[in-house]
Amino acid sequence: MKLPFEHIETPHLVLRPPELGDWPVFLRFIKDERSQFIGGGPQANERDAWRAFGHLVGHWVLRDFGSFIITSKNTGQIIGLTGPWFPMNHPEREIGWSVWDAGMEGKGIAYEAALAAREHAYGTLGWETAVSYIDPKNTRSIALAERLGATLDGTAPKPYDDDQATLVYRHPAPDIDGNPEAYA
């Protein structure tokens, strides 16, 4: 059976598009303080959370790519989200990530997932550049961006005109041959 969208396997993870069964896990995350750096912070009501979830799913339909749900290869547990992201009005294509389960932080999972997502963006999607938009208080995401080799780009446009606080981290470009190993 052909899957409608690509799945990516890494040594420990499977990255796949969002599906309806992810909704309860997403809702728990988006209502929690852990979501403070994602889309304006915790969503108090289920309607707004549903719209945010629909944004994730709809991006795949409208762009033919989107953020992947990170799952454990061994257990199928939903861990978080990562991947290429380019909503309307964003000035550049983005690689984003979030770990939804606090117990999974500090294990290299976000690094492994984001690296695979970036390889997909450069190799499969043909992107020549990517950024990550990060809240300056999100020290864990800043550390991950730097571990991925991304550097602060103070001249890059911000995702929203009135946004002066967001940091823009520019990912290293793929080599001229498109070899994803060159930027891993």
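Within the stretch 110-136, the set of residues being in contact (Cβ under 8 Å) with a residue 60 or more places away in the chain and under 20 Å from Thr166 (Cβ atoms) comprises Ala117, Arg118, Ile134, Asp135.
The residue of the stretch 126-142 that is farthest from the chain's Cα centre (by Cα), among those that are surrounded by fewer than 17 Cβ atoms within 10 Å (Cβ to Cβ) and part of a helix (DSSP H, G or I), is Thr139. Condition first: surrounded by 12 or more Cβ atoms within 10 Å (Cβ to Cβ) and part of a loop (DSSP other than H, G, I, E, B). Now tell me which residues in the stretch 143-170 satisfy that. Passing the criteria: Leu148, Gly149, Ala150, Asp153, Ala156, Pro157, Lys158, Pro159, Tyr160, Thr166.
Filtering the stretch 75-84 down to residues that are in contact with a helix residue (DSSP H, G or I) (Cβ under 7 Å, 6 or more places away or on another chain) and of a type in the set (A, V, I, L, M, F, W, C), which residue is surrounded by the most Cβ atoms within 10 Å (Cβ to Cβ)? Checked the stretch 75-84; the qualifying residue surrounded by the most Cβ atoms within 10 Å (Cβ to Cβ) is Ile79. Inspect the stretch 176-184 for any residue being at pLDDT 90 or above and either touching a helix residue (DSSP H, G or I) at 6+ places or on another chain (Cβ under 6 Å) or within 28 Å of Glu6 (Cβ to Cβ) (or both) and give the result as yes or no. No, every residue in the stretch 176-184 fails to be at pLDDT 90 or above and either touching a helix residue (DSSP H, G or I) at 6+ places or on another chain (Cβ under 6 Å) or within 28 Å of Glu6 (Cβ to Cβ) (or both).
Screening Gly108 with (1) closer than 20 Å to Phe37 by Cα; (2) surrounded by 17 or more Cβ atoms within 10 Å (Cβ to Cβ); (3) of a type outside the set (A, V, I, L, M, F, W, C) gives one miss only, at (2). Here is a check on your reading of the model: is Gly96 modelled with pLDDT of 95 or more, surrounded by fewer than 21 Cβ atoms within 10 Å (Cβ to Cβ) and under 20 Å from Glu33 (Cα atoms)? Yes; evaluated as a whole, the condition is true for this residue.
Give the residues of the stretch 17-61 that are surrounded by fewer than 13 Cβ atoms within 10 Å (Cβ to Cβ) and among the aliphatic types (A, V, I, L, M), sorted by residue number. Listed by number, the residues that qualify are Leu20, Ala44, Val61.
The values are calculated or read from the model by the stated rules, or taken from the named source; none is laboratory data. Not measured: the values here are computed from a predicted model. Note that we place each Cβ from the backbone using ideal geometry, even for glycine, and neighbour counts take in every protein chain shown.
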